[in-house]
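Heads up: the structure comes next, in structure tokens.
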Amino acid sequence: MTKNYFNTKPMYSLLFVLTCLTSCNGQIKQVAQNDHKNSISGQAKIPKPKEANKDVHIVTSIEDTDGHLWFGSVGEGLFKYDGKLFVHFGMEQGLISNSIYSILQDKAGNVWIGTNNELSRFDGHKFVSIPIVLSNNDQSYLKNSNNSSKPPENKVWSMMQDKKGTIWFGTDDGVYCFDGKVFTRFLDNQTVINKDSLSLKGIFSILEAKNGNIWFAECAGEGVSKFDGKTLSKIIPYKEIRRTDRIIEDKQNNLWLATAFKGIGKYDGKTFTQNIFKDHDMNGSYNILEDVNGNIWFDTKDGLGFYDGKKLNIITEKDGIIVKDFIPILLDKAGNLWFSSKGMKLYKYDGKTFTNYSEL
């Protein structure tokens, strides 16, 4: 799978029709679906992908407030794991697309699914299709050349809900905000001082730091930027970082950045260090996360890597399992790490043992 915005390197990082249209606040178009329980059964392991999707990855995951795990793939839809069984959701169950790039559970308990064709939302019973449409229904920004009222496809690469409850969406077309009723374009807000005239298109990762600053990592030539509540500023130029797939904040408030072509980057609030682990080939990583012990995990060309605060450790083989192409996707509430690899392979690591959750 390729994050086909500007670069050609595959992206395994942080992708749902419908029949009866209604509208909510003039903003969210919904289509009723049958309760998923009527038509879906679970299975103990994630099935092998169909032949055309044999190299498909799980690229995004969350744990919801009930302790269920959600896994999104690019091509094989969505899986929900309750600790015993995996339940599959695809377009047949109401998703707007089977290619999923991002997942978020909001404060109300709804699960949002960002796809290659805008959004689906699951309320616990059904999926609804949610087009990103502004409150004045002005479609001109979509550059829809045939003047149709239907918006073109807009990939939703990333999502984040901030402390105030606003949901932020990073898309090919720019950054959008949803307040629970209407969508707005972030950069349409006249109070935002856009210091560097940024467009914020192709945002692969959005982070609200502990101090309230909001960070945007992108692929389209603008690097990494920060919004401090008043001013949007470019912090790390694109030439220094190139495409950035993930940005996280560690327990010491440092930012770690998984980049596609410039290795792992670190920003301590003042200084950006490129390729901090001195990878000679400047190979990038697709995802990065911190475990309960403060170790920073990411994928490398040589194997699964983690930094323990003193040195970089590479796991090339563990318990007879080849982990060279593993991508970290989730730290669950019990402290387990989850990893994916091509062919819809999924493994859990409890600190000692890797357990396979996919069909062999």
Give the cross-link partners of Lys80 among the lysines, using a straight C-alpha distance below 18 Å as the criterion and excluding same-chain residues fewer than 8 apart.
Lys37, Lys45, Lys48, Lys126, Lys333, Lys345, Lys348
For Glu359 and Asp319, what does the FRET efficiency come to when R0 = 22 Å and r is the distance between their Cβ atoms, rounded to the nearest 0.05?
0.70
Once fully extended, how much extra length lies between Gln274 and Leu85, figured as 0.36 nm per residue of separation less the alpha-carbon to alpha-carbon distance?
63.9 nm
Estimated distance in nm for a label pair at Thr231 and Lys164, the labels positioned 7 Å out from Cα along Cα-to-Cβ:
1.9 nm
Flagged as over-length at 31 Å C-alpha distance, from Lys50/Lys239; Lys201/Lys270; Lys266/Lys342, the pairs are Lys50/Lys239
1/(1 + (r/R0)^6) with r = Cβ-Cβ of Asn211 and His68, R0 = 30 Å, i.e. FRET efficiency to nearest 0.05, evaluates to 0.45
Using a/c under 1.5 as the rounded threshold, could you call the stretch 288-360 rounded, prolate or oblate? The axes a ≥ b ≥ c are square roots of the C-alpha gyration tensor eigenvalues, and prolate needs a/b larger than b/c, oblate otherwise.
oblate
Evaluate the distance, in nm, between pseudo-label points positioned 7 Å from the Cα of Ala334 and of Lys251 along their respective Cα→Cβ axes.
2.1 nm
Calculate, in nm to one decimal, what Asp281 and Ala44 gain on full extension: separation in residues at 0.36 nm each, minus their alpha carbon distance.
81.3 nm
Per-residue Cβ contact counts at 10 Å, fewest first, order Ile167, Ile203 as Ile167, Ile203
Length gained, Phe261-Ser197, 0.36 nm per residue minus C-alpha separation, equals 20.6 nm
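Here, each number is a calculation from the coordinates, and none is a lab measurement. Predicted, not measured: the structure shown is a model, and the values here were computed from it. We place every Cβ from the backbone using ideal geometry, glycine too, and count neighbours over all the protein chains shown.
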